[in-house]
Amino acid sequence: MNTNTQTTTSKCPICGKESNANYHPFCSKHCADVDLNRWLSGVYRIETDESPDDLPVEED
């Protein structure tokens, strides 16, 4: 049995409450969903130096 376990407490990046292991790094499903919505709606984005002309063209 390993008795050398480390526990760290971290804060939820959305609301600041203590994170929950089931939703890590968030405290709840609600905060995890808020974060997902921010990614899907474009609030979070990764900037690049590509222009729209650099995107591959899909052929039908």
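Measuring how big the stretch 13-60 is from its alpha-carbon positions, Rg and Dmax come out at 16.4, 49 Å.
A protection proxy built from the mean count of other Cβ atoms within 10 Å ranks the segments 36-49, 9-22, most packed first, as 9-22, 36-49.
If R0 is 25 Å, the Cβ-Cβ spacing of E58 and R38 corresponds to a FRET efficiency of close to 0.40.
We did not get these values from a lab; they are worked out from the coordinates using the rules stated. Computed from a predicted structure; not experimentally measured. Cβ coordinates were reconstructed from backbone atoms using ideal geometry, including for glycine residues, and neighbour counts include every protein chain displayed.
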